[in-house]
1. Which fully enclosed strands (runs of 3 or more DSSP E) of the range 200-279 have 3 or more residues being over 24 Å from F38 (Cβ atoms)?
2. Can you tell me how many residues within the range 260-275 are under 19 Å from A214 (Cβ atoms) and either assigned by TED's automatic domain parsing to the domain that holds S123 or under 10 Å from the mean Cα position of the chain (by Cα) (or both)?
3. Would you pick out the residues in the range 95-126 that are out of contact with any strand residue (DSSP E or B) (no Cβ under 7 Å at 6 or more places or on another chain) and buried (at least 19 other Cβ atoms within 10 Å of the Cβ)?
4. Considering the range 18-38 alone, what residues qualify as being assigned to a strand (DSSP E or B) and crowded, with 16+ Cβ neighbours inside 10 Å?
5. Run down V199, V231, V245 and say which single residue is modelled with pLDDT of 95 or more, in contact with a Gly (Cβ under 7 Å, 6 or more places away or on another chain) and of a type in the set (V, I, T).
6. Which condition does K57 not pass, out of (1) in a helix (DSSP H, G or I); (2) free of Cβ contacts under 8 Å to residues at least 12 places away in the same chain, if it passes all the others?
7. Quick check on the range 78-93: of everything there that is surrounded by fewer than 24 Cβ atoms within 10 Å (Cβ to Cβ) and touching a residue at least 40 places away in the same chain (Cβ under 8 Å), which residue is farthest from the chain's Cα centre (by Cα)?
8. Just to be sure, is P261 out of contact with any Gly (no Cβ under 9 Å at 6 or more places or on another chain), buried (at least 24 other Cβ atoms within 10 Å of the Cβ) and either within 16 Å of V14 (Cα to Cα) or of a type in the set (S, T, Y) (or both)?
Amino acid sequence: MARIRVITDSACDVPEEIARRLNIDVVSLSIRFGDEEFIDRVDLSPSEFWAKCKASKTLPETAAPSPGAFQAAYERAKNDGCDGVIVITLSALLSATHQSAVLGAEAVKDSIEVRVVDSKAVSMAQGLMVIDVAELADTGATLDELVNDAESLVAKVGVVAMLDTLEHLIKGGRVGGARALLGQVLSIKPLLELKDGVVAEAGRQRTRAKALVAIAEVTKAHAPLKRLALVHGASSEVAALEALVADVATQKPIIVTDIGPVVGTHGGPGIIGLCWMEA
């Protein structure tokens with residue numbers, strides 16, 4: 001029976017208790033507020049991050065992990081007796097994290113086999129892939145089987161979210177296909193999705209309530225689902241959105257979780273959305 005370690009990065013927003021249970025090793029990105037730097041999920045929890053956003057005059061920035069941080073994770077897997085490693089990173093078009101994972105793998109190629117998969121996603125769209133692959137790894141699946149599973153899931157996951165403010169996204173330069181939103185008055189709630197690994201506009205709604213309905217409808221169009229997650233950054237709309245998708249056919253129970261500092265840096269406070277994996 002193969003022992004394969006699943007490794008990811010902290011942009012995936014997988015809840016800590018799930019990562020612990022499935023033995024997923026999470027390599028953290030860094031978050032900077034001006035001259036202050038924090039290691040995501042180590043020095044800064046999601047709740048601390050949102051409190052800091054409120055108090056800080058400067059908007060946060062993110063930085064990818066170094067290749068050395070990934071190399072250390074691969075070496076931990078080797079020392080734990082693992083036969084190989086699969087790494088599922090956030091979209092290579094959004095961050096240098098994927099490149100760091102690949103460079104880190106080069107450094108250990110003589111001691112342990114490492115395969116790096118670009119999720120072309122972020123937040124729990126990436127996270128649901130990580131969970132699926134980690135559950136399969138728990139059954140003793142081989143590295144090839146896990147890579148095949150991960151690659152097959154890239155086209156099955158999606159995310160749609162409502163922004164409460166565009167300030168963070170504009171400042172972070174991650175607008176991509178959503179650039180057309182920039183001239184809009186902020187009373188309009190923009191919806192964003194990931195398309196081919198980059199952020200794109202998914203529509204606009206005039207109120208929060210309408211935006212939540214639109215998010216739910218987009219998600220329902222992909223049902224039946226294997227997995228579903230509701231993600232948010234200090235949003236007061238969680239119960240309302242959860243109620244709107246209560247009847248969605250999904251094989252696994254819905255996961256409700258915080259958006260962490262990495263995605264929160266670009267999405268801003270009040271962001272809320274749904275991530276799914278098609279059955």
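1. 225-232, 272-278
2. 1
3. S95, S100, G104, K120, listed by residue number.
4. D25, V26, V27, S30, I31, F33, F38
5. V231
6. Every condition holds for K57 apart from (1).
7. Taking the candidates together, the pick is G81.
8. yes
The values are calculated or read from the model by the stated rules, or taken from the named source; none is laboratory data. Since we're looking at a predicted model, the values are computed, not measured. Note: ideal-geometry Cβ built from the backbone for every residue, glycine included; neighbour counts use all protein chains shown.
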